[in-house]
Every structure is written in C-alpha cells, then in structure tokens.
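Presented below is the structure to which this report refers.
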Amino acid sequence: MRVATIVLAAAMFGASCAGVGRPQVQNAPRPPGASMWVEPTDLATRDLYNGPWGAENAPDPKDVYDLVELKHSGVNLGMTVKDSKGREWSVKQPFPGNLDSEAPVEVTISRLLSAIGYHQPPVYFLPAFTLKDDFGRHVERGGRFRLKMDGMKETDSWDWAANPFVRSKEYQGLIVLLTMFNSTDLKNTNNSLYERKDGDLLEHWYLSRDVGSALGDTHRMAPRKNHIDSFEQLPFILGVTNGFVDFAYKGWYTNLVRERITPEDVAWACTLLGQLSDQQLQDAFRAAHFEPEIATRFIAKLREKIQQGRSLTLAAARD
Amino acid sequence: MKTRIFGNYWRFAAIITNLAFVLLCAPLDVAAQDTLPVPDGLSEPRGLIAEPGPITRATLFADRHLGKGDLNNGFYVDFGKMIPGAGWLSAGPGYRKWFGRDTMLLDGSAAYSWNGYKTVQARAVLPKFAKSRLALGTQVRWMDYGDVDYFGVGPDTLEGARTQFAIQATHIAAHATLRPTRWFDIDAQIGLLSPSLKDSPLNRTMPSADQPTFVPSELSMTIDTRNYREHPTSGLLLRGAASHYEDRDTGAFTHQRYEGELAGFIPMAGERVVLAVHGWLVTTPRDNDTSVPFYMLPSLGGSNSLRSFADYRFHDRNMVVANAELRIAMMTHVDLAMFTDAGNVAARIHDLDLEKRSYGAGLRFHTRRQTFARIDVAQGNEGWRFLFRLTDPFALSRLERRAAVVPFVP
C-alpha cells in the first residue's frame, strides 16, 4: 500500500513535469500571410523600453483595474483585469516572496525578440497596480500586463516539430536565442498562433509567447529563473560535433537543440542580436524594472554569449 | 427539543457577535485590510544563513506546483491533505473547473494515504452571489479510514490501552457563507452523515457495528486577518462554531458541539521572528438521555495539537488545547521553531486543565505563503516523538472543510 502511494504520487508529479521526446520535425504547409519573423530594417532605432506596440498601448500605472477573473492555468499567479478604457489585460504575477519571478523576464525577452524581428504580443510591466474587486480597491502586486487587442487574437498553439517554418533560418534562430536565454519551458502550448487583421490583410503570426521561464539555469528539477548568479555560471556552447553545435543546455527540451543547430544558425541569431546597442539592451531590462546593476550583469553575459556564437563561424572558416 | 436547539444557536450567535464587535472596536489593524499596503514579499530578509540550492529548488517547486490552491483548471494532484493518522503522505487524482468568470467551481478528487486511508469527494461552489458577499455550495465526501487509534474515554487512559477502529462514512452537505467583508464570514451548513464501523479489534468488542444516520448542522463565525493561511506570519483568527448532530434513527446519539478558537501571529524583527499562539476549546454538553458516539467525541493529541502524544490520544466530552510556537528565520525558506503545547480532555468543562504538555523544536520549510514540510521533535508526559509532516501545524484545515469528518480531528 505504501509503495503504491509513493508510486502514485511520483507518477502524477512526473507527468506534470515531463518534457518532450525527440520530435521528427517536418514542414507543414505555409498558409498565406503566415510569418514568424520580419527582417528588421530599423533595428538601430528601435525603442526597447516601450516595445513594438509603443507607449500608446501601455497600461497606465495610475489607473484602477477591475478584476474580471483569476488565472486558472499555468504555474504562475495572475488574473484578467479591465482598465478604465475598457481594455482587457492578462496579468502574470510573481508569487508572494518574489522567488524567481517570471513576469519581468517575459517582458525583457519579448522586447529582445521583437526588436530583432520576431512577432510578439503587446506586453508591459507594472511593479504594482490598484485593483478593484467586489470588496473594494487595494494595491496589488504587479507583473506582466499583456493586452488583449481588437483585431488580434490567439487562435491556436503551434508545434515545434511540425510547423511551416521548420529548418528555416528564423526557426533555427529562434531556438538558438531561447537556448541563449536559458529558456526552460519550451512546451508547444507556449507557442501561440495569432490571427491579426490589418484592414483587408489577414496575417498568421507564429510566436513564442510565454517566455518568462528563462535567465537562470536549465536544471530539470525546478530550474532557477530570473537569477543572475545561475545565468552567469552556465556556459552557452560546448563545441561543434559533426557539424552541429553542442549546447550546455540541460533542460527537459534538449531534444530541440541536440544535433539540429549548425554554427551558421548560431551566427545568424547572434549577429542579429548583437546589433542591438548597450542602451537598447538596458532599455529592455529597464522596461521590466530590473535593478540597473543586475541588468548590467545580464547584458554582459549576453554579450559574452553573442561573441561566442559569432566566433563559431570564424573558427569554422579558419578550420 | 427544536426550541432548545435554536435557543442555543441564538445564544451562541449573540456571544460571537458581541465578541466580534469588541474586536472591531479594538485598536487592531483589521480594518486596514480593505486598503492593503504596498504588496509584500518583494524583498528577501537580509543576514540569513546562505540557503543550499536543493532547498531553494524545493521551495520553487512547492510555489509553482503546490501553491496555487484551488485556482487551476484541469487535472491536479490531491496531495497531503488527509487527517492525522493517515500517515505522512497521501495523494490522488483530482479535476476541477471554474466557470463563468469565477462564478462556479466544480471539483472532484480521490486520495489514498500511506496508512491506507481513502477519501473521495465532489463539490460545487457558487462564490459570487451579491457581489461575492454570499457563497453557496454543496459537497459529498466518502471516507474510509482503517486503523484509527483509540485509547478510551477520559484524561487518565493508559498509552498501553491503545486499540484501533475502522470507520467508513458518507457525508452530503450544503452550505451558505455570508461574507460582509474580506476578513469576516458567517457560515451555515446542513447535511446528512451516515457512518459505519468496519471490522477491527475495537469494533469486535462493541454490541453493534450499526451506527445511526445523523443530520449535522452548523453555524459558525470567523474573523480571519491572517496574511497567508498555510504559513501565516501576521494576523488573527477568531472562530466560534455551534453544531447540532441529530440522530435520525433513535435519537439516542443526538448531541451538540460548541467550539471557540483563537490564533494570533505576531511578527517581530521584520518577520524574522514570528510568535504564533493558538487556543481551541470544544465542548459537547451532557444531556440526560443522549450520548455521543466515541468517534465523535472531542479528541486531543498528535501532530497539530499535543505533538509528543499519539494521534487521537485522549477522548472526552470536552477538550482544550493551547499552543505557542516561536519561529526564527534561519534561511530564506527555513525557520527554526520552538514550541510548547498544553491541553486536556474532561467529562465536565470546568474540570478542563492544561495538564498534558509537550515541548519541542523543529524546522519549517516554507514558501512565502505555505509550509510545505516540517520536522518536529517533541517531548512530553509520554516520552519523545519525531514528526515529519507536509503541512503547517497552524494551517487549521478544518476551516476549509465543508463536509465534517469522522472521527473528530484535533
């Protein structure tokens, strides 16, 4: 009986923590208007503090937000709220105690990805906000605010193993970038397919959305997130074997990166990210209210990884 | 009889209302709960011992996989919530779903414990009537507990007199909760409880294993300003409850139960030190022609009451227990705890004293809002006891239960 209880408990927890098996990747047909990435033509002038959706779509920190409903999925706390303009926001909050909060990480990584051309939804960070529920107003822990916009809605998720962009440079580059950020929650349900209407134009955006489980280590058991010491300690690239890059990534999703990524893929992504200025990188962290000293350490480690990634192709050329 | 019962309810309600009024007029900070100060928990205490990585990872795991309570839709693990005696671990599958923007919750789960206890429950809750001031709900719970310790009635029973009984029960309950403010609620519930004793050493000595069907009803009032229910570091809890158990078969076991409970959590040195105090009084008044089934008598002893004594060590019509625990933060998520417990049972309420005592120390492993593991070493009149549990000793899980459990759980 006792063994059965332990086996039952372990099996249920195991099921909730499992990663992915090695997927047999395949291209799905690319529907009209489908894209994951658009080449940035104004990268040097992009505003990483307000992000691609600008200050005009940001939440007002002085507003009073009505509670619509609490968050009923995922491992983070949160809620849906409505502001005085009638806009609905999905708020992801830290747990009390703020241990390894994902909310600021998600905003920063979203800023970095969107700056170099990857589609991202409108996300912002508020450290605290005023919430009005049935019992009155109070100050609530803030977090990531994601705007639900008219003309843009999530219609589905997409699969790392089967999508229209498999083996394209943007697909390979996205895996490189998420690996560089030590992203540990690369499950398919965090990949969102958005339908966006712009006049008569209907676009299908393939984006990696809930990217907050990152900037820490890639341990399989309760990986650290938003933890600079862990992020600094973990190397990025171990070497190149049979033409594929060996990453130090140890998370549940190693199958996504093992024997799949070439030095050229890494160099493409690193060159793109490396074009962002120090000020732009600082702005990306400032947008999520990181302390300046912590942000500087994260940026230094990212610069180190970018340099290592770029040097792979140089080394290959020398060889 | 009905007039007397309702008379008791009204007297009890008046006492609690007066008590609540006195508390509200006292210089407590409960009224400030409607305008919460700056959200807490955004900085870690300084000057603590560096925490080993595995403890921090265990805390992260507890935060994310055990810390969301009833919030998540879908399948979940019903984990570690069984009564004392079930053993240190219980687990089972559950499924819940919120509907209509939090206006209805449907939930069902089953669990199996280290010592072979089994429970199955299903419930429906409508929490948002009258702008969340009124909640209605119903729950059905089936319980099958084997090998529950029993030592006889009275404060002077011997530890060596231990025997065991096994009990199965089904309880259907409906409840209504009035919540005028965030921290005050009045709860009323009524149900149908059908216990039966199963084959076991104690049951074989009894004249009949057939037990009456009860209609339990309860009225309770609770003031609760604790900051977190499963790891409180500040706030106050005051609860009073009056219960009536109507024996539908013969009337011979019809009885009442009254409870008063107080818990306070006083933070010191910026929450690096927390003093927790707790007191609980339960009485089942003696009537001329009725008695109380032994498994429904107030009981005392075990991991949440007298920690150096066995679970359910003492039974009688009246019970009192007082606990004090001083918690000192050693690491960010580990507290050193020193505690003392005292209490007793008695046939008459004025014979109650605090003669049975436990002293001890332990460790609390916790997130900001939940104790997810604890180790206690306790010493008392009956020797030493080592405890490992996955819950806080002051979580007071009886506040969360809608269906009463048999046996009485201290």
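None of the figures in this text is laboratory data; all of them are computed from the coordinates on show. As the structure is a prediction and not an experimental result, all values here were calculated from the model. For neighbour counting, all protein chains shown are included, and Cβ atoms are generated from backbone atoms with ideal geometry for every residue, glycine included.
Structure values in brief
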{"read-out": "Partner chain coverage, peptide B:54-66 - average Cβ within 10 angstrom", "value": "5"}
{"read-out": "Rg/Rh for region A:128-217, where both radii come from Cα atoms and Rh is the Kirkwood radius", "value": "1.08"}
{"read-out": "Region A:31-318 pair-distance distribution - Cα-Cα, 5 Å bins, rounded %", "value": "1, 5, 12, 16, 19, 18, 13, 8, 4, 2, 1, 0, 0, 0"}
{"read-out": "Mean Cβ neighbour count within 10 Å, used as a protection proxy, ranking A:42-55, B:387-400 highest first", "value": "B:387-400, A:42-55"}
{"read-out": "Value at 222 nm in deg cm²/dmol, rounded to 500, when DSSP H runs of n ≥ 4 in chain A each add -39,500 (n - 2.57)", "value": "-9500 deg cm²/dmol"}
{"read-out": "Charge dipole (debye, nearest 20) of the protein assembly as shown; +1 at Cβ of Lys and Arg, -1 at Cβ of Asp and Glu", "value": "420"}
{"read-out": "P(r) histogram, all alpha-carbon pairs of the protein assembly as shown included - 20 Å bins from 0, percent", "value": "15, 45, 28, 11, 1, 0"}
{"read-out": "Calculated P(r) tail over 19 Å for region B:274-367, as whole % of Cα pairs", "value": "47"}
{"read-out": "Number of partner chain Cβ atoms within 10 Å, mean per residue of A:135-141", "value": "6"}
{"read-out": "Candidates B:Arg374, B:Arg239, B:Arg133: whichever shows maximal mean-square fluctuation once chain B is modelled as a Gaussian network with Cα springs under 10 Å", "value": "B:Arg133"}
{"read-out": "Within 10 Å of each Cβ in A:67-74, the average number of Cβ atoms from other chains", "value": "5"}
{"read-out": "Gaussian network model of chain A, springs between alpha carbon atoms under 10 Å - residue of A:Pro40, A:Pro263, A:Pro59 with greatest fluctuation", "value": "A:Pro40"}
{"read-out": "Mean ellipticity per residue at 222 nm, deg cm²/dmol - from DSSP H runs of n ≥ 4 across chain B, formula -39500 (n - 2.57)", "value": "-3000 deg cm²/dmol"}
{"read-out": "Relative packing of peptides B:223-231, A:204-212 - highest average C-beta neighbours within 10 Å first", "value": "A:204-212, B:223-231"}
{"read-out": "Quotient of C-alpha Rg and 2.2 N^0.38 Å, computed over region A:47-101", "value": "1.29"}
{"read-out": "Percent of Cα pairs exceeding the 31 Å cut-off, where the set is chain B", "value": "39"}
{"read-out": "For B:His171, A:His219, A:His289, order by how many other beta-carbon atoms lie within 10 Å, fewest first", "value": "A:His289, A:His219, B:His171"}
{"read-out": "Mean Kyte hydropathy of 1.6 or more with a Cα span along the axis of at least 15 Å, helices from DSSP in chain A", "value": "A:2-17"}
{"read-out": "P(r) histogram, all alpha-carbon pairs of region B:208-352 included - 10 Å bins from 0, percent", "value": "11, 32, 31, 17, 7, 2"}
